[in-house]
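Engineer: This is the structure, below, for whatever I ask next.
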Amino acid sequence: YKVVRIPLKGSTPTGTVDDFAYGWLNKTDETASGRPVGLAVGPEGALYVSDDKAGMIYRISYVKSS
């Protein structure tokens with residue numbers, strides 16, 4: 001019930017796996033508000049995450065800090 005990031009050097013995994021997007025699973029009673037199942041990158045560079053429990057598509061984009 002989360003999306004993780006795996007750092008790569010070329011096509012080889014390096015480093016540790018990091019949680020990238022999470023919060024769909026309530027750890028107290030183990031109920032899920034959503035279930036991320038698919039990823040796609042849009043032409044503008046945003047990451048799209050599909051959720052087959054909530055019937056949603058989430059758009060995650062990078063905003064450069066000033």
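Please treat every number below as a calculation from the coordinates, not as lab data. The structure presented is a predicted model; accordingly, all values stated were derived computationally and were not measured. Note that each Cβ is placed from the backbone with ideal geometry, even for glycine, and that neighbours are counted across all protein chains shown.
Engineer: Considering only region 36-64, state which residues are of a type in the set (S, T, N, Q) and over 16 Å from Lys2 (Cα atoms).
Structural biologist: Ser61
Engineer: Can you tell me which condition Arg35 does not meet? The list is (1) without any contact (Cβ under 8 Å) to a residue 24 or more places away in the chain; (2) touching a Lys or Arg at 6+ places or on another chain (Cβ under 6 Å); (3) not acidic (Asp, Glu), and all the others hold.
Structural biologist: Of (1) without any contact (Cβ under 8 Å) to a residue 24 or more places away in the chain; (2) touching a Lys or Arg at 6+ places or on another chain (Cβ under 6 Å); (3) not acidic (Asp, Glu), only one is false for Arg35: (1).
Engineer: Moving on. Could you list, ordered by first residue, the pairs with Cβ atoms under 7 Å in which the first is in region 20-32 and in contact (Cβ under 8 Å) with a residue 12 or more places away in the chain and the second is assigned to a loop (DSSP other than H, G, I, E, B) and polar (S, T, N, Q), at least 6 apart or interchain?
Structural biologist: Trp24/Ser33
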